[in-house]
Amino acid sequence: MRGGRRREGRGRPRAAWAAAALAQLLLVAWPALSADHRVVQRERQFAPRELSIAVNDRVTFVNADEVVHNAFSERGVTFDIRQPPGTSNTVAFPVAGDVDVQCAIHPRMKLVIHVRP
Ligand SMILES: [Cu+2]
């Protein structure tokens, strides 16, 4: 192989290289832009009972009671999680819209999560 520096101007133009590098950085940084929220199951209620989040945010459900809870949604983002005392589960919300969350064990436990586009 011949030595020596590659001539300037060969390969990708500098602006295109910078744009590609920026795109790659955004791809890597994107998941970090979603936020984490927390909902606590305490005294047989969800706290808060209403929550507004952005698409791709995550919500961690924490059971702070001494009884088993559940959290489920049948519309929009669907899930059905069992929550023994002291446990937590995290759910991602990749779709915009209102999500009604209930506890299957305690029907009065209700939460609405508004997922903004
Ligand atoms: Cu419950």
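The values are calculated or read from the model by the stated rules, or taken from the named source; none is laboratory data. Note that this is a predicted model, so its numbers are computed, not measured. Positions of Cβ are backbone-derived with ideal geometry, glycine not excepted, and every protein chain shown enters the neighbour counts.
Okay, here's what the table says:
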item: Scan of segment 75-91 for residues that are surrounded by 14 or more Cβ atoms within 10 Å (Cβ to Cβ) and either hydrophobic (A, V, I, L, M, F, W, C) or at pLDDT below 95 (or both), ordered by number; result: Gly76, Val77, Phe79, Ile81, Val91
item: Residue among Val59, Val99, Val55, Val115 that alone is of a type in the set (A, V, I, L, M) and touching a Ser or Thr at 6+ places or on another chain (Cβ under 6 Å); result: Val99
item: Pair list, Cβ < 9 Å and 6+ apart or interchain, from segment 22-46 residues that are at positive phi to residues that are part of a strand (DSSP E or B) and at pLDDT 60 or above; result: Arg44/His69
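Okay, residues lined up against (1) acidic (Asp, Glu); (2) within 11 Å of the ligand (Cβ to nearest atom):
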position	(1), (2)
Gln41	no, yes
Ser52	no, no
Asp57	yes, no
Val67	no, yes
Phe79	no, no
Gln83	no, yes
Thr87	no, no
Ala104	no, yes
His114	no, no
